[in-house]
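Enquirer: Structure incoming, see below.
The values are calculated or read from the model by the stated rules, or taken from the named source; none is laboratory data. On a predicted model such as this, the values are computed, not experimentally measured, just so you know. Every residue, glycine as well, gets a Cβ built from its backbone with ideal geometry; the counts of neighbours run over all protein chains shown. Heads up: the accessible areas ignore ligands, DNA and RNA and are worked out on the full protein's heavy atoms, side chains in. Shrake-Rupley method; radii C 1.70, N 1.55, O 1.52, S 1.80 Å.
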Amino acid sequence: MLATDVPDVLALLSWMDDAPEREVFSPDARDPRELQTECEDNLCLVDVEDEGVLAYCALSPFRDGLVLEGPISDGGHVHTLLRRALTHSDGLPVYAFAARDNLPVREALDTAGFGAMHTTDFYSAPLERLTPHACAPAGTRIARKLPLGAYRELFKSSEDAWAGRLNWTPEQFDEHFARDDVRLVALMRGEQPLGFAELEFCPEEARADVTYVAVHPAERGQGYGQKLLALAAAEADTHPEVRTLRVRAHDHMKPARALYSRAGFTHCRSIVTYMRDGDEDV
């Protein structure tokens, strides 16, 4: 990918944005300068013909290996582009993410040796439907911070795939929760955390995401999950630009799905997570 390809890649990203079934993991940038900066440290490949850039994909560091951006294609040679990108994987595992309905990309990933790990479903609801005026249940209190140890313990008990956070240093933990777009709401009984809800705000989309809800196993079945969602909605409601609250659940998380349904959320999108082992031949 050359600097002169940036406008065409931006047009391709906009084309992807126009239809949910085209969604893949992709650059955040939608501005030429920001896109060029975001691509500087990645391997970025394009399929170019006379009419311009028809397809794009890239590799960047992620977890224990690499993550694939794309492939995004409006008539390009997806299989060839993907195969070329994988020759630069240096024997590392490669992760990829695609909308459940993005059948052309999913077929290309299958052909290239990727295996589906799980599907993540997203649910959303307008804040007004969630009646975000919540208070702590009797005998509990609300906290806006948790010690790193308590945060880790709730993650361990929840059996979530987001286990990379268990390796956070105190500095990484503090840096994350110092961000302006991140909030945490916890329920405490004395000094004992019962559970928490973590939010990230997307003001440009008038949305807040509940990125995680955790309730200690010994405290489940008492309605604390629903209460934490209500507290998260109340926190989101303090931001006038936010109109929608979104939550997520992996395909094995049946209790979470039931919780979201009871709380008034409706399904809005599904993303399939793939991985290709690092020792596979291209």
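Enquirer: Would you mind checking the tilt of helix 224-236 against the longest principal axis of the Cα atoms of the chain, expressed as 0 to 90 degrees and rounded to 10?
Expert: Between helix and principal axis, roughly 70 degrees.
Enquirer: Under a cut-off of 16 Å between alpha-carbon atoms, report the lysines in cross-link reach of LYS156, not counting same-chain residues fewer than 8 places apart.
Expert: Those lysines meeting the cut-off do not exist here.
Enquirer: Using the heavy atoms of the protein chains and a 1.4 angstrom probe, tell me the accessible area per residue for the stretch 146-266 in square angstrom.
Expert: Here the residues of the stretch 146-266 average 48 Å² of exposed surface.
Enquirer: Dipole of the stretch 1-101, Cα-centred, from +1 at each Lys and Arg C-beta and -1 at each Asp and Glu C-beta, to the nearest 20 debye?
Expert: It comes to approximately 400 debye.
Enquirer: Now, a different point. Name the residue, out of HIS77, HIS88, HIS267, whose mean-square fluctuation peaks in a Gaussian network model built on the chain with Cα pairs under 10 Å.
Expert: Result: HIS88 has the largest fluctuation of those listed.
Enquirer: Okay, moving on. What's the local net charge at LEU66, with K and R +1, D and E -1, over the other residues with C-beta under 11 Å away?
Expert: -1
Enquirer: Here's something else I'd like to know. Just by accessible area at a 1.4 angstrom probe, what is the order of ARG141, ARG152 from largest to smallest?
Expert: Solvent-accessible surface, decreasing: ARG141, ARG152.
Enquirer: Rounded, prolate or oblate, given the Cα gyration tensor of the stretch 180-267, with a/c below 1.5 counting as rounded?
Expert: It is oblate, given that a/c is not under 1.5 and a/b is not larger than b/c.
Enquirer: Taking K and R as +1 and D and E as -1, what net charge do the other residues with C-beta under 10 Å from the C-beta of PHE97 add up to?
Expert: -2
Enquirer: Ignoring ligands, DNA and RNA, what accessible area per residue does the stretch 1-109 give at 1.4 Å, in Å²?
Expert: 51 Å²
Enquirer: What list of ³J(HN,Hα) values in whole Hz, one per residue of the stretch 44-54 in order, does the Karplus curve 6.51 cos²θ - 1.76 cosθ + 1.60 (θ = phi - 60°) give from phi, with Gly and Pro shown as x?
Expert: Running phi through 6.51 cos²θ - 1.76 cosθ + 1.60 with θ = phi - 60° gives 10, 10, 9, 9, 10, 10, 4, 7, x, 6, 9 Hz.
Enquirer: So, one more: Build a GNM of the chain with springs between Cα atoms under 10 Å: which of PRO240, PRO193, PRO137 gets the top mean-square fluctuation?
Expert: Among PRO240, PRO193, PRO137, the largest mean-square fluctuation in the Gaussian network model of the chain belongs to PRO240.
Enquirer: Could I ask something else about it? To test your reading of the geometry: what angle, between 0 and 90 degrees and rounded to tens, separates the Cα axis of helix 148-158 from the longest principal axis of the chain?
Expert: 80 degrees
Enquirer: Ordered by residue, what ³J(HN,Hα) values in Hz, to whole numbers, does the stretch 28-38 give under the Karplus form 6.51 cos²θ - 1.76 cosθ + 1.60, where θ = phi - 60° and Gly and Pro are x?
Expert: 6, 5, 10, 9, x, 5, 5, 5, 4, 5, 5
Enquirer: Check SER60: other-chain or 5+ apart residues with amide H under 5 Å from its amide H, H built from backbone geometry?
Expert: VAL67, GLU69
Enquirer: Using only the alpha-carbon atoms, what does the stretch 1-149 span along each of its principal axes? Please give whole angstrom values in decreasing order.
Expert: 67, 34, 30
Enquirer: What does the net charge come to around PHE122 if you take all other residues with beta carbon closer than 10 Å to its beta carbon, with K and R at +1 and D and E at -1?
Expert: +1
Enquirer: Moving on. 5 Å is the cut-off here: which amide hydrogens, built 1.01 Å from N in the peptide plane, fall below it relative to TYR212, excluding neighbours closer than 5 in sequence?
Expert: GLU198
Enquirer: Can you list the HN-Hα couplings for the stretch 67-84, worked out from phi with the Karplus curve (6.51, -1.76, 1.60; θ = phi - 60°), rounded to whole Hz and with x for Gly and Pro?
Expert: Calculated HN-Hα couplings, in order: 10, 8, 8, x, x, 10, 9, 10, x, x, 8, 4, 4, 5, 5, 5, 4, 5 Hz.
Enquirer: Continuing with this model, one more query. Between the helical axis of 254-263 and the dominant principal axis of the chain, each derived from Cα atoms, what acute angle in degrees is found, rounded to the nearest 10?
Expert: 70 degrees
Enquirer: How large is the dipole of the stretch 134-209 about the Cα centre if only Lys and Arg carry +1 and Asp and Glu carry -1, each at its Cβ, rounded to the nearest 20 debye?
Expert: Value, rounded to 20: 440 debye.
Enquirer: Now for a separate question. Just for the Cα atoms in the chain, what are the lengths along the principal axes, largest first, rounded to whole Å?
Expert: For the chain, the Cα extents along the three principal axes come out at 67, 40, 34 Å.
Enquirer: Could you work out what % of the accessible surface of the chain is carbon and sulfur, using a 1.4 angstrom probe and leaving DNA, RNA and ligands out of the count?
Expert: 50 percent
Enquirer: If you don't mind, another one. Report, in deg cm²/dmol and to the nearest 500, the calculated mean residue ellipticity at 222 nm for the chain, where each DSSP H run with n ≥ 4 adds -39500 (n - 2.57) and the sum is divided by the residue count.
Expert: Only helices count here, giving -8500 deg cm²/dmol.
Enquirer: Roughly how many whole Å is it from the C-alpha centroid of the stretch 216-282 to that of the stretch 35-74?
Expert: Result: 29 Å between the Cα centres.
Enquirer: What distance in nm separates the simple spin-label points at THR80 and GLU49, each placed 7 Å from Cα in the Cβ direction?
Expert: Taking the simple label geometry, THR80 and GLU49 are separated by 0.9 nm.
Enquirer: Next question. Quick check: from the Cα gyration tensor, does the stretch 123-282 come out rounded (a/c under 1.5), prolate or oblate?
Expert: rounded
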